[in-house]
Each structure stands twice: as C-alpha cells, then as structure tokens.
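Visitor: Here you go, one structure.
The values are calculated or read from the model by the stated rules, or taken from the named source; none is laboratory data. Here the structure is a predicted model, which is why all the values come from computation and not from measurement. For neighbour counting, all protein chains shown are included, and Cβ atoms are generated from backbone atoms with ideal geometry for every residue, glycine included.
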Ligand SMILES: Nc1ncnc2c1ncn2[C@@H]1O[C@H](COP(=O)(O)OP(=O)(O)OP(=O)(O)O)[C@@H](O)[C@H]1O
C-alpha cells in the first residue's frame with residue numbers, strides 16, 4: 001500500500017484526525033520451538049475516530065490491547081486487518097507527524113536535557129541556532145529552565161517525564177501518542193504533570209491519544225474516554241466528559257465522581273469477563289493482572 005492511500009470520503013469528516021476502521025491484530029505464538037504457532041487475537045473489530053485537537057483517553061483491563069493499538073497509530077506495528085488513517089491518509093509507518101511519549105521516559109542517557117529535546121529537530125535538519133531557540137521554548141514550557149545541561153540520571157522521575165514531553169512537542173507533531181506516561185512517578189507528581197499537560201494542550205491544541213490505567217487520570221484529562229473490553233480488545237463504550245475546563249479542583253466535584261463511577265462500572269464488567277476467562281483455564285496471568293490493575 002502506498003503512503004498516499006486515502007480514506008474513502010464517505011467516512012472521513014472534516015474534523016476527523018485519526019480514523020481506525022475494523023482493526024484486528026493477531027499475534028502468532030509458539031510455546032515450544034518445534035510446536036506449530038497458534039494465533040492469539042489481541043484486538044478485534046476496533047473502530048475509533050479521534051477528532052482534530054481532541055484529548056482522547058483510552059482505558060481498559062490489563063492486556064486488552066491498549067498499547068498494541070497505540071503502536072499501530074504510531075506506525076510501529078501494523079493491523080492484521082483493517083486500516084488506520086490520519087488526515088485521510090493510510091498510516092503505513094512511523095513519522096514525525098506523531099510524537100510518542102511512553103512510560104519509562106526513553107531518554108538518551110548520554111544526551112543532556114537540551115540535546116534530548118533537540119533530537120527530533122536534528123532529524124528534521126533544523127539549523128543549530130533555531131534548534132536551540134525551539135528547544136529552549138519547550139524546556140521552559142515544561143518547567144525545566146536551568147536544567148538544560150543536566151543528564152537524565154541527574155533528574156527526578158517527574159523531570160525526566162517532562163523532558164520526554166518537551167522532546168515530543170519540540171518537533172511539532174500534529175498528534176501526541178502517550179502510553180501511560182505518568183505511571184512511573186509518585187501520585188503527587190502525577191497530578192502536577194497532569195495539570196501541566198492540560199496547560200500545554202490548551203496552549204498547543206495538539207490532538208492527544210492517552211492510554212492509562214487510571215480512571216481519575218482519564219476523566220481529569222480527556223474530552224472523551226474510550227473504554228475497551230477485555231481480551232480480545234475492542235471499544236466497549238465512549239464516554240464524553242462534559243466537565244468544564246480548566247479543571248483545577250474538579251476532582252472533588254460530584255460530577256467528576258459520577259462520571260468516574262460510570263467508567264468504573266464499565267470496567268468492572270470487563271474484569272468479571274476476564275475473571276471468567278481465568279476460571280475456564282485460559283490466560284491465567286492476564287486475568288490476574290486485569291483484576292490487579294484497578
Ligand atoms: N509481540 C507480542 N506477541 C504476542 N502477544 C503479544 C505481543 N504483544 C502483545 N501481546 C499480547 O496482546 C495483548 C495486548 O497487549 P497490550 O500490551 O497491547 O495490552 P495493554 O492493554 O496495553 O496491557 P497493559 O494495560 O497491561 O499495559 C496481551 O494479551 C499481550 O500478551
């Protein structure tokens with residue numbers, strides 16, 4: 001398929017940024033070297049549209065395929081069938097129009113904060129003077145002024161995650177794909193980072209797809225929360241978060257509690273499903289981690 005393959009116009013709306021159509025992802029699994037591979041269906045019949053400038057969160061039981069789906073939007077993996085389009089063009093591989101921020105930071109340990117943030121700009125062949133100016137702007141945006149010359153091992157977890165966000169934003173991608181970006185930091189730092197991310201999103205209006213285990217995190221951040229089913233993963237329901245912005249202090253409101261509970265209930269059913277799978281002898285480890293995840 002060519003990079004220019006375009007989405008049929010009948011399902012592509014003017015403000016649709018990403019469209020996933022009927023996605024299925026199968027992994028071939030071999031238990032022993034001389035055994036024939038069996039197929040494991042991680043995702044099936046997944047349809048999802050992300051709007052331009054939207055903040056969309058994805059939640060679901062452990063192992064339901066959240067990261068697998070995000071990898072496919074990133075172009076790092078491909079659906080076994082179905083298609084994902086961005087701006088109407090088929091996604092066939094990774095590109096600088098999508099920035100990725102993952103759990104565990106993935107910073108280059110041999111590069112300073114500034115050099116980490118400049119990485120994508122170097123690939124884009126942005127001249128050195130402009131690189132410095134742009135990286136400085138994003139370092140300051142994430143609150144790391146005066147830490148430009150530090151190396152990753154000299155930073156806290158929260159600071160490293162800020163560098164990862166600055167690095168992803170600096171080369172100006174249209175979409176930010178975030179896979180449990182705040183999972184490795186303590187609860188207080190996580191809340192600070194969530195607030196900072198919202199502030200940055202309100203400034204930049206990037207389209208964000210944010211995978212998380214945290215219902216509170218999803219409700220606090222997102223315009224809509226896509227709830228996935230247990231394995232095989234698909235979209236169970238999309239919950240619109242009609243909470244006013246800015247959302248400072250919203251966590252203690254009754255409306256926040258109500259929507260949080262609604263999503264919790266949707267996920268509870270999935271854990272029950274995962275639990276039944278466990279009882280029937282399949283996917284024991286996954287079922288256990290599914291119940292542990294929330
Ligand atoms: N390369 C692979 N080979 C075989 N199975 C895989 C592979 N990658 C993922 N899987 C399986 O696909 C399913 C979905 O995995 P994925 O990591 O996308 O789930 P997840 O929802 O992100 O989980 P978690 O919330 O625990 O991070 C899991 O059952 C996993 O074991």
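Visitor: Among the candidates 262, 236, which residue alone is within 21 Å of the chain's Cα centre (by Cα) and at pLDDT 95 or above?
Guide: Details: 262 fails: within 21 Å of the chain's Cα centre (by Cα).
That would be 236, the only listed residue that is within 21 Å of the chain's Cα centre (by Cα) and at pLDDT 95 or above.
Visitor: Can you name every residue in region 48-60 that is more than 7 Å from the ligand (Cβ to nearest atom), within 14 Å of residue 237 (Cβ to Cβ) and over 12 Å from the mean Cα position of the chain (by Cα)?
Guide: Result: 48, single match.
Visitor: If you go through region 81-103, how many residues are over 17 Å from residue 207 (Cα atoms) and within 12 Å of the ligand (Cβ to nearest atom)? Walk me through how you get there before you give the answer.
Guide: Taking region 81-103 first, the residues over 17 Å from residue 207 (Cα atoms) are 81-83, 90, 92-93, 103.
Next cut, within 12 Å of the ligand (Cβ to nearest atom) only: 103.
Of the residues in region 81-103, 1 are over 17 Å from residue 207 (Cα atoms) and within 12 Å of the ligand (Cβ to nearest atom).
Visitor: I've got another one for you. Would you mention how many residues in region 61-70 are in a loop (DSSP other than H, G, I, E, B) and either away from the ligand (no atom under 15 Å from the Cβ) or at negative phi (or both)?
Guide: Step one: filter region 61-70 for residues in a loop (DSSP other than H, G, I, E, B), giving 61-65.
Within this subset, residues satisfying the condition of being either away from the ligand (no atom under 15 Å from the Cβ) or at negative phi (or both) are 61-62, 64.
The qualifying residues number 3.
Visitor: Among the listed residues 230, 293, 285, identify the single one that is surrounded by fewer than 20 Cβ atoms within 10 Å (Cβ to Cβ), under 19 Å from the mean Cα position of the chain (by Cα), within 11 Å of the ligand (Cβ to nearest atom) and modelled with pLDDT under 95.
Guide: On the way: 230 fails: surrounded by fewer than 20 Cβ atoms within 10 Å (Cβ to Cβ); 285 fails: under 19 Å from the mean Cα position of the chain (by Cα).
After ruling out the rest, the residue left standing is 293.
Residues are listed down the side, and each one gets a yes or a no for (1) within 12 Å of the ligand (Cβ to nearest atom); (2) outside any loop (DSSP other than H, G, I, E, B); (3) under 18 Å from residue 85 (Cα atoms); (4) in contact (Cβ under 8 Å) with a residue 60 or more places away in the chain:
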{"site": "13", "(1), (2), (3), (4)": "no, no, yes, no"}
{"site": "17", "(1), (2), (3), (4)": "no, yes, yes, yes"}
{"site": "26", "(1), (2), (3), (4)": "yes, yes, no, no"}
{"site": "35", "(1), (2), (3), (4)": "no, no, no, no"}
{"site": "45", "(1), (2), (3), (4)": "no, yes, yes, yes"}
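Visitor: Residues that are touching a helix residue (DSSP H, G or I) at 6+ places or on another chain (Cβ under 9 Å) and at pLDDT below 95: find the helices (runs of 4 or more DSSP H) completely inside region 71-149 holding 2 or more of those. Explain how you work it out, then say what you get.
Guide: Numbers: elements: 113-117, 119-123, 128-141.
Counting at least 2 such residues, we get 119-123, 128-141.
Visitor: Considering only region 172-202, state which residues are touching a strand residue (DSSP E or B) at 6+ places or on another chain (Cβ under 7 Å), outside any helix (DSSP H, G or I) and more than 16 Å from the ligand (Cβ to nearest atom). Spell out how you get there, then give the answer.
Guide: Going residue by residue through region 172-202, those that are touching a strand residue (DSSP E or B) at 6+ places or on another chain (Cβ under 7 Å) are 173-181, 201.
Within this subset, residues satisfying the condition of being outside any helix (DSSP H, G or I) are 173-181.
Result: 173, 174, 175, 176.
Visitor: Can you find, within region 212-227, the residue that is nearest to the ligand (Cβ to nearest atom) among those that are assigned to a loop (DSSP other than H, G, I, E, B) and within 15 Å of residue 179 (Cα to Cα)? First the steps, then the outcome.
Guide: Step one: filter region 212-227 for residues assigned to a loop (DSSP other than H, G, I, E, B), giving 212-214, 222-223.
Now restrict to residues that are within 15 Å of residue 179 (Cα to Cα): 212-214, 222.
Working: 212: 9, 213: 6, 214: 11, 222: 17 Å.
In this case the residue turns out to be 213.
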